[in-house]
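Each remark here refers to the structure printed beneath this line.
Bear in mind that the values in this text are calculations on the coordinates, not laboratory data. None of these values were measured; they are calculated from a predicted model. All Cβ positions, even for glycine, are placed from backbone atoms using ideal geometry, and neighbour counts span all protein chains on display.
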Amino acid sequence: MLKVEHLTKMFGGLAAVNDVSVEFGANQINAIIGPNGAGKSTFFNLISGVHQPTSGRILLDGTDVTTMRCDHVARLGVGRTFQTTNLFETATVLDNLIVGHRLRTHSGLWDVLINSKRLQAEEKAAREKAREALDFVGLTHAENRYIADCTQEERKRVAFALALATDPKIVLLDEPAAGVNPEETEGLAELMKKMVKNGLTVCLIEHKMDMIMGIADKIMVLDHGEKIAEGTPEEVKNNPVVIEAYLGSDHDAAA
Amino acid sequence: MMFKLGALIMHPASKYVLLALAVLFPALASNEYQVYVMATAFIWAIAVYGFNVITGYCGQLNLAHGGFFAIGAYAVALLTADYGWNFWPAFIAALVITAVLGFLVGAVSLRLKEHYFAIFTLCVGFIIYLLLDKWEELTHGAIGVRGIAAPDGFGLVNFRETIPVYYLILFFLVFIIWFTSRIQKSLLGRTFIAIRNGDDLAESLGINLMKNKILAFVISTTYAGLAGALYAGMIRFVGPEDGNILHTFNMITYLLVGGIGTLFGPLIGTLGIVWITQSLQFLEEYRMIIFGPLLVILVIFFPLGVSGSFLTWMHRKAQALGLGPKKVQQESKVNTAREVENNA
């Protein structure tokens, strides 16, 4: 599904991501963990095209996307969420989601001026897609609520829905469970399982080890920009390098 | 009670009432000067609608906006006074010139983000002003341009008179509001708003940032050019002071007071402030003593402006009463809560 070969990103003299090769299988939950500053978010930014890598290759279903711009990568089916999602606070949840399907539409200024059939059809499609995504994340009841009136967990779900509205094949989730309570974390984990069940591939960065160990099919561990381990939760948990470099003395608590 | 009043304002028929009032205004006004002030306010409102597209919807603070207004005005002024064009060809040329210049300036300046973009465009605005003031061979320099052609009338309609020109400007204002509402409701408007929410997120949604930002920029400068061209045709004198950066800041004030990023914010803000300024004329320079604190209070307590605060209040009230959403949905298939403000 997603294959990364010898990926390196230098910021000045600092290697934020250093010679990372990894393959994420389709229809799986893949987790990337590592201490703060390990290069996890940079790794996501490289895949989604926000940053251009210094060297290495990124293949999405065999297509080379290494030097593609962000919006192209999105059109090829890479959806993502951010640690914080800035949405239109005084607009409804649904209104915020409709634009998610914009990348699958073609209407321009002229269509707007003459209110063309194409525009009408595309707007209808975008609205339906938004409702579908909202239904998927279980927020249909909050459709008409302002974002400003949503809880942190609901915002997370809206961010998921927005990524889903782009019709992605793979979703990159950057700390999806940060700042939500344990029960809500459980709910978000269920949601990720549901995504996979519906044919999506999930990649996530997360610090909540309980959750990761419970849902991930594969874990990659980054430290100082380098991949120090990968494997199933069981393998990673028992890997001495990981315990040394990352879990350290917190090992018992984290596991 | 308040809610019912609000619902009345948001009723679809309200916009026709508003239009009828605008049409009847010359008859209701006690003298021609009031009609003249209103026509000027309409011109500024058109420019503020443009400002709202790039700054309100797309989130890019373009401080060169007043400069494009001046370019539109000078285009008509110079083409009619110096080159003997009729008004309407010059008017079209003004739109084309501001659109093309908007494209060129946008393509360069939009490579910058946030404050850097604002500072860059502030400089562009000032350069435009300096060019108008100093490039005497082209712009006549500080003495300005006289002898500008009035819009050519037809039949008995003579646009040299205040009342016909008022209706001409009203026509363009209504067109601009209509067009802006189309943009705002459409996927294009949503695209602009997504960019305002954040470049990163918009890009991750597959939105081509540069293309859409430039489009919003060109739409906004063309609006400014349209307003400037009408201004030149009505006042029939332009000078470098029309390109003063102060006008940009006035427009920011109009937009903030009315409600940034809302459909009726520019209209409410511009008309409101122009008329308040008129009624405080007797205070001369001291009116800023009233204006300053008023603005500070408004920005602190009503950051969404008159229109934005009203819509938010109405939405929450409707949600609390549990009648808003269903009603809104029934009214139209392609409805949104934001769209309701068309009716405000």
Label-point separation, B:LEU8 to B:VAL296 (7 Å along Cα→Cβ), nm: 3.6 nm
Just grab the label-to-label distance for B:THR277 and A:THR140, each label 7 Å out from Cα along the Cβ direction, in nm (one decimal). 5.2 nm
Quick note on A:GLU154, A:GLU23, B:GLU203, B:GLU114, ordering by fewest other C-beta atoms within 10 Å, gives B:GLU114, A:GLU23, A:GLU154, B:GLU203
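State the dimensionless ratio Rg/Rh of the range B:195-251 (Rg: radius of gyration of Cα atoms; Rh: Kirkwood radius).
Working: Rg = 16.3 Å, Rh = 13.8 Å.
Radius of gyration over Kirkwood radius for the range B:195-251 works out to 1.18.
Can you sort B:ILE143, A:ILE98 from fewest to most other Cβ atoms within 10 Å of each residue's own Cβ?
B:ILE143, A:ILE98
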In vacuo Debye sum over C-alpha of the range B:2-343, base-10 log of normalised intensity I(q)/I(0) at q = 0.08 Å⁻¹, listed in q order, is -0.39
Using a Cα-Cα cut-off of under 24 Å, which lysines could be cross-linked to A:LYS124, ignoring same-chain neighbours fewer than 8 residues away? A:LYS169, B:LYS185, B:LYS211, B:LYS326, B:LYS327, B:LYS333
Label point distance in nm, B:LEU321-B:TYR167, each placed 7 Å from Cα along Cα→Cβ: 3.9 nm
Give me the log10 of I(q) over I(0) for the range B:25-170 at q = 0.09, 0.20, 0.21 Å⁻¹, as the Debye formula computes it from C-alpha points; what are the numbers? -0.35, -1.28, -1.33
Lys/Arg Cβ at +1, Asp/Glu Cβ at -1, dipole of the protein assembly as shown taken about the Cα centre: which of A:GLY62, B:PHE217, A:THR185 is farthest positive-ward? B:PHE217
Along the range B:87-99, Karplus-curve 3J(HN,Hα) (6.51, -1.76, 1.60; θ = phi - 60°) to the nearest Hz, with x for Gly and Pro, reads 4, 5, x, 5, 4, 4, 4, 4, 5, 5, 4, 5, 5
Take the Cβ-Cβ distance between A:GLU234 and A:ASN115 as r, set R0 to 45 Å, and report the resulting FRET efficiency rounded to the nearest 0.05. 0.20
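How large is the dipole of the range B:2-343 about the Cα centre if only Lys and Arg carry +1 and Asp and Glu carry -1, each at its Cβ, rounded to the nearest 20 debye? Don't skip to the answer; put the middle values down first.
Working: 21 positive and 18 negative charges, 279 e Å.
For this selection, approximately 1340 debye.
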Compute the helix-to-body angle for A:117-136: its Cα long axis versus the longest principal axis of chain A, expressed 0 to 90° and rounded to tens. 40 degrees
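Give me a single rounded figure for B:176-187: the average over its residues of other chain Cβ atoms within 10 Å of their Cβ.
Values: counts 0, 0, 0, 3, 0, 0, 7, 3, 1, 3, 11, 16.
Rounded to a whole number, the mean comes out at 4.
In the P(r) worked out for chain A, what percent of Cα pairs fall beyond 23 Å?
Details: 17167 of 32385 pairs.
That fraction is 53 percent.
Roughly how big is the protein assembly as shown's charge dipole about its Cα centre, with Cβ charges of +1 (Lys, Arg) and -1 (Asp, Glu), in debye to the nearest 20?
On the way: 48 positive and 54 negative charges, 345 e Å.
Here the size comes out at about 1660 debye.
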All-pairs alpha carbon distance profile, the range B:152-243, 10 Å steps from 0, percent: 14, 33, 25, 18, 8, 1
Relative intensity, log₁₀ I(q)/I(0), of the range B:2-106 from a Debye sum that treats every alpha carbon as a point, q = 0.16, 0.18, 0.24 Å⁻¹: -0.97, -1.05, -1.17
By counting other Cβ atoms within 10 Å of each Cβ, how are B:TRP85, B:TRP44, A:TRP110, B:TRP313 ranked from fewest to most? A:TRP110, B:TRP313, B:TRP85, B:TRP44
Would you list the P(r) distribution for the range A:89-167, with all Cα-Cα distances sorted into 5 Å bins from 0 and each bin expressed as a whole %? 3, 18, 26, 21, 14, 11, 6, 1, 0
Per-pair calculated FRET efficiency, R0 = 56 Å: A:PHE11 and B:GLN34 via Cβ, rounded to 0.05: 0.35
Scaled by the rule-of-thumb 2.2 N^0.38 Å, the alpha carbon Rg for the range B:240-279 gives a ratio of 1.19
Among A:LEU109, A:LEU172, A:LEU134, which one shows the biggest mean-square fluctuation in a GNM of chain A, springs joining Cα atoms closer than 10 Å? A:LEU109
In the range A:1-80, what is the volume of the convex hull around the alpha carbon atoms, normalised per residue and reported in Å³? 88 Å³
If you bin the C-alpha pair distances of the protein assembly as shown every 20 Å from 0, what whole percents do you get? 19, 45, 27, 8, 0
Largest to smallest principal axis extent of the C-alpha atoms in the range A:108-231, angstrom: 57, 31, 27
Round to the nearest 10 and give me the degree value, 0 to 90, for the angle of helix B:209-235's Cα axis relative to the longest principal axis of chain B. 60 degrees
Placing +1 at every Lys and Arg Cβ and -1 at every Asp and Glu Cβ, with all other atoms neutral, what dipole size does the range A:89-167 have around its Cα centre, in debye to the nearest 20? 220 debye
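Suppose only helical runs count, i.e. DSSP H with n ≥ 4. What mean residue ellipticity at 222 nm does that imply for chain A under -39500 (n - 2.57) per run, divided by all residues and rounded to the nearest 500 deg cm²/dmol?
Dividing the helical sum by the residues of chain A leaves -10500 deg cm²/dmol.
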Relative contact order for the range B:235-315, counting Cα pairs under 8 Å that sit 6 or more residues apart, in percent: 34 percent
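Can you compute the FRET efficiency between A:ASN27 and B:TRP313 using 1/(1 + (r/R0)^6), with r the Cβ-Cβ distance and R0 = 45 Å? Round to the nearest 0.05.
Details: r = 47 Å, r/R0 = 1.04.
Result of the calculation: an efficiency of 0.45.
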